[in-house]
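The values are calculated or read from the model by the stated rules, or taken from the named source; none is laboratory data. From a predicted model like this one, the values you see are computed outputs, not experimental measurements. Neighbour counts are summed over all protein chains in view; Cβ atoms, including those assigned to glycine, are modelled from backbone coordinates with ideal geometry. Ligands, DNA and RNA are excluded from the accessible area calculation, which covers all protein heavy atoms including side chains. Shrake-Rupley method; radii C 1.70, N 1.55, O 1.52, S 1.80 Å.
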Amino acid sequence: MQEEIITMAHGSGGAAGHELMKEVLLPAFDNKYLREMHDGAKLDLSTNKIAFTTDSYVVKPLFFAGGNIGKLAVCGTVNDLAMTGAVAKYISVGMIIEEGFPIKDLREIVSTMRRAADEAGIYIVTGDTKVVNKGSADGIFINTAGVGERIDNVDISPLNAKAGQNIIVSGYLGDHAATIMASRHDLELPDTVKTDCAPLNHMVKEMLTAVPNIAVLRDPTRGGTAAVLNEIAEQAKVGILLEEEAIPVREEVRGFCDILGFDPLYLANEGKLIAFVNAEDTDKVLSIMHKYEYGKHACVIGKVIDKAIGEVGLKTAVGGIRIVDMPQGEQIPRIC
């Protein structure tokens, strides 16, 4: 392309928009479905048991340690489908791009999206691009929608949470939120701390194939682990008791939280899952998770109880119990 920045002409539907599609977007996302360049994608699905999700991404800054808005968009959609017990197949990508946005940055974003899609084993099959006046979109916003095939004999629902089940988390909490905050405010964190953004679908598929009766799966994004567990406790009419010493948090992130006054349980994650599993299935699920890069630090952090209905408690290192409330407002805005 001759232009180095996005102009209003790129959103006009004319030659400039065609050039943007031909030289930037199509080469990044090329596949047999997208190549038809029709108004929508004709998809191959062998079942009528479909899962569908949509999400929008407005993270600030757009680029951060370990990823960017494009990686978030793909992984977030893939993971949302996985949490319903579905295998992601296809996603759409809608972009709202601000006039003046550097085309080199757009190339980096879409190439990252392609790599994430390849890792997840999915196709980006359709999309849309709009250009808005300078100052109207803060660079770029991305919307995605995803379609997946539900796995047979699997029923994932918050209502399935029952007393006696163990609660598993797939790894360290708070990495993503700490990374975004550090990037946003020019704070230095060790190289060991970067976004945890990752597609979890392959791990989840093996977990559900081996143990179809996993009760609940959730990814603790905005609001973090605290929000997810409070929602489940309220919906299932159960209590939840966590063990503080069992919750995995990197020392660097814990120190970051201590300095800024954050609780890791409330921090967003973009490559973690929480699973509610029957006691007799726990070791089997953990052994599967430990085989994967994105689950090698998985551990049990608590259990479901039949007391304190609708509440989440944390058994502290000194032996007391404190209530983990639903977060009020948004601690860290525009985290994804």
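Springs between alpha-carbon atoms under 10 Å, Gaussian network over the chain: tell me which of Ala236, Ala161, Ala226 tops the mean-square fluctuations.
Ala236
Per residue of the stretch 221-233, in order, report the coupling 6.51 cos²θ - 1.76 cosθ + 1.60 (Karplus, θ = phi - 60°) as ³J(HN,Hα) in whole Hz, putting x for Gly and Pro.
For the stretch 221-233, the Karplus-derived couplings read 8, 4, x, x, 4, 4, 5, 4, 5, 5, 4, 5, 4 Hz, x marking Gly and Pro.
Quick check for me: using +1 on Lys/Arg Cβ and -1 on Asp/Glu Cβ, what's the dipole size of the stretch 179-286 about its Cα centre, in debye to the nearest 20?
So the magnitude is around 420 debye.
Can you tell me the order of 28-39, 72-83, 289-300, 263-274 when each peptide is scored by its average per-residue count of other Cβ atoms within 10 angstrom, highest first?
72-83, 263-274, 289-300, 28-39
Which residue, Pro27, Pro158, Pro190, has the most motion in a Gaussian network model of the chain that connects Cα atoms within less than 10 Å?
Checking each option, the largest mean-square fluctuation is seen for Pro190.
So what's the gap between the Cα centers of the stretch 207-258 and the stretch 279-318, to the nearest angstrom?
8 Å
Tell me, what ³J(HN,Hα) does each residue in the stretch 288-303 have, in order and in whole Hz, if you take phi through Karplus 6.51 cos²θ - 1.76 cosθ + 1.60 with θ = phi - 60° and put x for Gly and Pro?
5, 4, 5, 6, 9, 4, 8, x, 5, 9, 4, 7, 7, 10, x, 9
Taking the chain as the reference, fit the longest principal axis to its C-alpha atoms, fit the long axis of helix 201-210 to the helix C-alpha atoms, and give the angle between the two in degrees, 0 to 90, nearest 10.
40 degrees
Would you check the accessible area of Asp128, probe 1.4 Å, heavy atoms only, in square angstrom rounded to 10?
Roughly 80 Å² of Asp128 is accessible to a 1.4 Å probe.
Give me the number: length gained by fully extending Glu19 to Asp306, i.e. 0.36 nm times residue separation minus the C-alpha to C-alpha distance, one decimal in nm.
Full extension from Glu19 to Asp306 adds 97.3 nm.
Which far-off residues, 5 or more places away or on another chain, put their amide H under 5 Å from the one on Ala198, with H placed in the peptide plane?
Result for Ala198 returns Gly271.
What does the charge dipole of the chain about its Cα centre add up to, to the nearest 20 debye, if the Cβ of each Lys and Arg holds +1 and the Cβ of each Asp and Glu holds -1? Please list the in-between numbers first.
Working: 33 positive and 46 negative charges, 101 e Å.
Around 480 debye, computed over the chain.
When the chain is modelled as a GNM with alpha-carbon springs shorter than 10 Å, which of Arg107, Arg322, Arg250 fluctuates the most?
Highest fluctuation among the options: Arg322.
Helix 103-120 versus the longest principal axis of the chain: what angle, 0 to 90°, nearest 10, using Cα atoms?
50 degrees
Could you work out the helix-only [θ] at 222 nm for the chain, with each DSSP H run of four or more residues adding -39,500 (n - 2.57) and the total divided by the number of residues, to the nearest 500 deg cm²/dmol? Don't skip to the end; give the middle numbers.
On the way: 9 runs with 94 residues, N = 336.
Roughly -8500 deg cm²/dmol at 222 nm, from the helical runs in the chain.
Starting from the 7 Å offset along Cα-to-Cβ, what nm value, one decimal, do you get for the label separation of Asp39 and Thr209?
With each label placed 7 Å out from Cα toward Cβ, I get 3.9 nm.
Which of the residue pairs Lys71/Lys291; Lys22/Lys104; Lys32/Lys205; Lys194/Lys296; Lys60/Lys194; Lys89/Lys205 have a Cα-Cα distance greater than 19 Å in the structure shown? Present the calculation step by step, with values, prior to reporting the outcome.
On the way: Lys71/Lys291 23 Å; Lys22/Lys104 15 Å; Lys32/Lys205 25 Å; Lys194/Lys296 17 Å; Lys60/Lys194 15 Å; Lys89/Lys205 13 Å.
Result: Lys71/Lys291; Lys32/Lys205 exceed 19 Å.
Which is farthest toward the positive dipole end of the chain among Phe141, Gln235, Asn213, measuring Cα position about the Cα centre, with Cβ charges +1 (Lys, Arg) and -1 (Asp, Glu)?
Value computed over the given set: Asn213.
Work out how much length Thr47 to Glu119 would gain on full extension: take 0.36 nm times their residue separation and subtract the Cα-Cα distance, in nm to one decimal. Intermediate results must be reported in sequence, preceding the final value.
Details: separation 72, 0.36 × 72 = 25.92 nm, distance 2.35 nm.
Result: 23.6 nm gained on full extension.
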